[in-house]
Amino acid sequence: MMTQVKSAIAAQDDKQAIAKSDFEQQFLEKRNTAVKSLVDNSISFQMLADATETILLHAFWLAKQKQQRSLKEYRKLLAAQGWKGEEKRYLKVAAAFQKFSPQELAQIEPSTVYQLAENSKKYKQVIDRLLDLTAITQEAVRSLIKEQRVPKELKLEKPSIWRRTKNGGRYCQVPPIHETDDRTGTTLQKMMDEEGLSAQKIVAEAVALRQAYKEGQLAFVEKKAT
C-alpha cells in the first residue's frame, strides 16, 4: 500500500516538474521573442537614422566638390558614377541644411529631409526654427510643418447664369429670386397671364429696356398734371 502511495506521489511530482518545465520553456521563448523584436526595432530605426546621416554627408560632400572643382571636372565626376541630374536633389539638401551637421538631423526620416529641401522657400521658417531645438526629432519637425500650414483663402466664384447643354451649347438660367413681398414673381406672373407671353420673353424685354436706359436711349418722362 505504501509503495503505491509513493509511486502516485512520484508520478504527481514528475507531472508537476514537466508542467513547470513547459511553463519555463514557454516563458523563455516569449521573453526571447520580445527581446529579439525590441532589438530588431531598435536596429531598424538606427538603420534609418544612419541612412539620413549618410544622405546629408553625401550632400555636403557633393556640394563641396562642385565648389572646389572646375565645371568640367565636376561633370566628369558625375559621369563616372553614371549620374545625370540626380545630383540636383542632394545639392538642394546641402543648401537647405548648411547650418546643421548630419548628426543633428539623423532622427529625421529621409523623405522628410527631401520634402524640406526641395521646398526650402516654403519651409524656410520650419528649417530656421530647427536651430532653436535642443533635439531635432521627426515628431518635432512634423509639428513645425503642421503649425506652418495656413488654411487657403476661399476664392469666391464669380456668379454665372450660364449652363451647358449636352451637345455643347449653352443657355442662361436666372437663379431663384427671394423677396419678402414676392413683388417680382407676382408682377411677372401677372404679365404672363394678361399678355400670354412666356417668362423668358418678358425677362428678355425687361433686360433690353434696362440696357437701353443705361445707354441713354430711354429716359423717364414725368406725366404732366392736366
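The values are calculated or read from the model by the stated rules, or taken from the named source; none is laboratory data. As the structure is a computational prediction, the values presented were derived from the model and not from experiment. With ideal geometry, Cβ positions are generated from the backbone for all residues, glycine too; neighbour counts draw on all protein chains shown.
Quick look at the numbers
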{"read-out": "Test: residue in region 185-202 that is of a type in the set (Asp, Glu), surrounded by fewer than 10 Cβ atoms within 10 Å (Cβ to Cβ), modelled with pLDDT under 85 and farther than 30 Å from residue 59 by Cβ", "value": "no"}
{"read-out": "Matching residues in region 62-102 - criterion: being at pLDDT 85 or above and aromatic (Phe, Trp, Tyr)", "value": "74, 90, 97, 100"}
{"read-out": "Residue satisfying all of: in region 78-94; surrounded by fewer than 16 Cβ atoms within 10 Å (Cβ to Cβ) and among the charged types (D, E, K, R); farthest from the chain's Cα centre (by Cα) among these", "value": "84"}
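For every residue, the table says whether it meets (1) touching a helix residue (DSSP H, G or I) at 6+ places or on another chain (Cβ under 8 Å); (2) surrounded by 10 or more Cβ atoms within 10 Å (Cβ to Cβ); (3) closer than 26 Å to residue 47 by Cα.
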position: 109; (1), (2), (3): yes, yes, yes
position: 127; (1), (2), (3): yes, yes, yes
position: 148; (1), (2), (3): yes, yes, no
position: 165; (1), (2), (3): no, no, no
